[in-house]
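The values are calculated or read from the model by the stated rules, or taken from the named source; none is laboratory data. Computed from a predicted model, the values in this text were never measured in an experiment. Cβ coordinates were reconstructed from backbone atoms using ideal geometry, including for glycine residues, and neighbour counts include every protein chain displayed. With ligands, DNA and RNA removed, areas are computed over all heavy atoms of the protein, side chains included. Shrake-Rupley method; radii C 1.70, N 1.55, O 1.52, S 1.80 Å.
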Protein chains: 4
Amino acid sequence: MPKTRLEAFSDGVLAIVITIMVLELKVPHSADLSALQPLLPVFFSYVLSFIYIGIYWNNHHHMFHVVKRITGGVLWANLHLLFWLSLLPFVTGWMGENHFAPVPTALYGTVLIMAAIAYSILVFAITNEEGKDSLLAKAIGKDLKGKLSVVAYAVAIALSFINHWIAAAIYILVALVWLVPDRRIERVLTPSA
Amino acid sequence: MPKTRLEAFSDGVLAIVITIMVLELKVPHSADLSALQPLLPVFFSYVLSFIYIGIYWNNHHHMFHVVKRITGGVLWANLHLLFWLSLLPFVTGWMGENHFAPVPTALYGTVLIMAAIAYSILVFAITNEEGKDSLLAKAIGKDLKGKLSVVAYAVAIALSFINHWIAAAIYILVALVWLVPDRRIERVLTPSA
Amino acid sequence: MPKTRLEAFSDGVLAIVITIMVLELKVPHSADLSALQPLLPVFFSYVLSFIYIGIYWNNHHHMFHVVKRITGGVLWANLHLLFWLSLLPFVTGWMGENHFAPVPTALYGTVLIMAAIAYSILVFAITNEEGKDSLLAKAIGKDLKGKLSVVAYAVAIALSFINHWIAAAIYILVALVWLVPDRRIERVLTPSA
Amino acid sequence: MPKTRLEAFSDGVLAIVITIMVLELKVPHSADLSALQPLLPVFFSYVLSFIYIGIYWNNHHHMFHVVKRITGGVLWANLHLLFWLSLLPFVTGWMGENHFAPVPTALYGTVLIMAAIAYSILVFAITNEEGKDSLLAKAIGKDLKGKLSVVAYAVAIALSFINHWIAAAIYILVALVWLVPDRRIERVLTPSA
């Protein structure tokens, strides 16, 4: 099975997820600058989720670049990842509209954890197929960054109920860590680097 | 006619259908955990429909992999399938918001039946073009699974008015049967398997 | 300039237009069968517009199959066509929700006329570039079907104010005429046919 | 890294942005022609934004045609551009629904400025990678048109608070300047032109 359509379908879903999130930014009736103020937390959570989707798309793009074969298991592992990412607009809107209240902030982290686990399952499904000596297996290695992210999300969820701003700060911090381009795959592709 | 654009258009429509369904999960105003409770049936029906669209995309992907020529008839048979799948967000929302009430649950099954029939017509349009000895015709065979699904949906529709939870259980059961990857096409492609 | 991205972008826009139209089918609060009755005209206008978008996608697909070069003029002629088609969800919803009332029905026809004219401009932009002896110019010929459609839409718009059901019937009739696959391009590609 | 998926993802996002803007054109309940009148400014702002997205897609299409390599920096510069363009539906709706009131009109210009700057950053990220002697660097040159646009937007934002119609007129004027196809890249590709 060629990988073209899996990539096209994933690009489509991620493009829609990243774009319909902006629909949560409801156009205010008043034309005053003050009408934008209640939208600020929604806008802020939109920026955060936009970056997260960008990171997932970026890593997805890098990963499938070195994938050779697609099996039924990989197709479903990929759909499972897209499922959790498709919930991001909902939790983004809920967290933003409630000014980062504890429960929505914890649920946002839960979706991030589930997406991270789904990504790990996808990586496992691919390396399982391609072999331990495959490019991807070498590139990902023990995936310390992935595992630490899950731990960080779990800590943030717990902290949501104590101080939800710390939880939000952790979500931003993890995003920044991932924003730094993941050179692992590029490194393996260019041995001299 | 090459098949690239038919695949791209279908991927686009299915990606949008699978993603706009999440818009039925309306962001609640309250930030309490209890605010999520009324959304549970909507969420559950979303998961079910997500899996169904995933199954259709998966099978569509497998089928067109072995298709060689696209004719006008195939284009319209494909659009006819997309039409019924495009109604899934509507019936998903109606069934979820009404907690799997009889009429919405029956209508959900009706759309599933129509989509299954539309898929059969698409298969017929393709095998009619490619010939009885084509890869696809051999792979699909008598399509017992497809025919049994239609019967199961019909039973579920009737049962919606007696016990709608049994109807919902049948929809889940059929989805699970299809979730098991359809090895028929892969089997024909690799004779040794 | 290669034509791949123009096709991909058009496929994307048409896939979204065809899918967001279903959002006009608002999920009713009641779970009774009678709750669907007020939705019937909306559903009917959805079916009609779905077929029209299908026809445009189909013809677009056939036309660009024989196009070799894309110029700036063709890009903008294509965007101009997509603009009018992007208004279809709005007029579809307005016509459906108002049970094919005169003004919405006339506006629906106006958008169909503008889309038909935009399509003719696109054909002209391409044949102008590819030459009068090009495959496309030969295939389209005098485009009698296109010209008659514009006349039929104009008649339907006028009749909207007298008997809007006749207007709706004309829209259906023109769609049926186009539903018959346009063999003109296939004919030129296969000289023996 | 090949550029196919970056182009596909960008096409997807722009196709969705250009199409969901039409959702701001809320279907009126009344079926009278007068019901359309309050929608006129929304429609007008939709046309303006449609043209702007068209221009960006057009230029994006031309630019990546001559790009050879995609790096992490280019991926993120591209996502940054898509972020600002994804805000266009929101500001378009706000400006339209408030009949081009000062603050929304100024915010519209702000998003246009940010998108223009993001485009410049993207151009810089690419030429930085491809070298000063690359096709793109030669084609863009000093990018006078891009710089003048930013100045024009800034002037329009300031004028929004004095006479918002002049601001709107400047947005239209800049769009018209860009509508004229950008022959710079085509010129470099065909030396004789």
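Brief remarks follow.
- Filter pass, A:Ala77 being closer than 16 Å to B:Ser30 by Cα, at pLDDT 90 or above and in a helix (DSSP H, G or I): no
- Positions within the stretch B:1-16 being open to solvent by 10 Å² or more (accessible area, probe 1.4 Å), more than 7 Å from every other protein chain (Cβ to nearest Cβ) and assigned to a helix (DSSP H, G or I), in sequence order: B:Thr4
- Inter-residue pairs, beta-carbon under 6 Å, first in contact (Cβ under 8 Å) with a residue 60 or more places away in the chain and in the stretch A:164-180, second open to solvent by 30 Å² or more (accessible area, probe 1.4 Å) and assigned to a helix (DSSP H, G or I), 6+ apart: A:His164/A:Pro102; A:Ala167/A:Leu159; A:Ala175/A:Ile51
- Residues in the stretch B:17-52 that are within 12 Å of chain C (Cβ to nearest Cβ) and closer than 21 Å to B:Leu122 by Cα: B:Val17, B:Ile18.
- The one condition in (1) open to solvent by 20 Å² or more (accessible area, probe 1.4 Å); (2) without any contact (Cβ under 8 Å) to a residue 12 or more places away in the chain; (3) facing chain D (nearest Cβ under 9 Å); (4) among the hydrophobic types (A, V, I, L, M, F, W, C) that C:Leu79 fails to fulfil: (1)
- Apart from one condition, A:Thr92 fits all of (1) within 14 Å of chain B (Cβ to nearest Cβ); (2) among the hydroxyl-bearing types (Ser, Thr, Tyr); (3) surrounded by fewer than 18 Cβ atoms within 10 Å (Cβ to Cβ); the exception is (3).
- Residue that is nearest to C:Ala115 (Cα to Cα) [pool: residues in the stretch C:63-74 that are part of a helix (DSSP H, G or I) and open to solvent by 10 Å² or more (accessible area, probe 1.4 Å)]: C:Gly73
- Residue count for the stretch D:155-168 satisfying the condition of being open to solvent by 50 Å² or more (accessible area, probe 1.4 Å) and assigned to a helix (DSSP H, G or I): 4.
- Residues in the stretch C:87-138 that are more than 17 Å from the chain's Cα centre (by Cα), of a type outside the set (Asp, Glu) and not in a helix (DSSP H, G or I): C:Asn98, C:His99, C:Phe100, C:Ala101, C:Gly131, C:Lys132, C:Ser134.
- Test: residue in the stretch C:25-46 that is open to solvent by less than 10 Å² (accessible area, probe 1.4 Å), under 24 Å from C:Ala139 (Cβ atoms) and either in a helix (DSSP H, G or I) or not hydroxyl-bearing (Ser, Thr, Tyr) (or both): no
- The condition (being among the hydroxyl-bearing types (Ser, Thr, Tyr) and over 22 Å from the mean Cα position of the chain (by Cα)) is satisfied by just one residue among C:Thr71, C:Thr4, C:Thr19: C:Thr71.
- Candidates C:His60, C:His99: the one that is surrounded by fewer than 20 Cβ atoms within 10 Å (Cβ to Cβ) and not basic (Lys, Arg) is C:His99.
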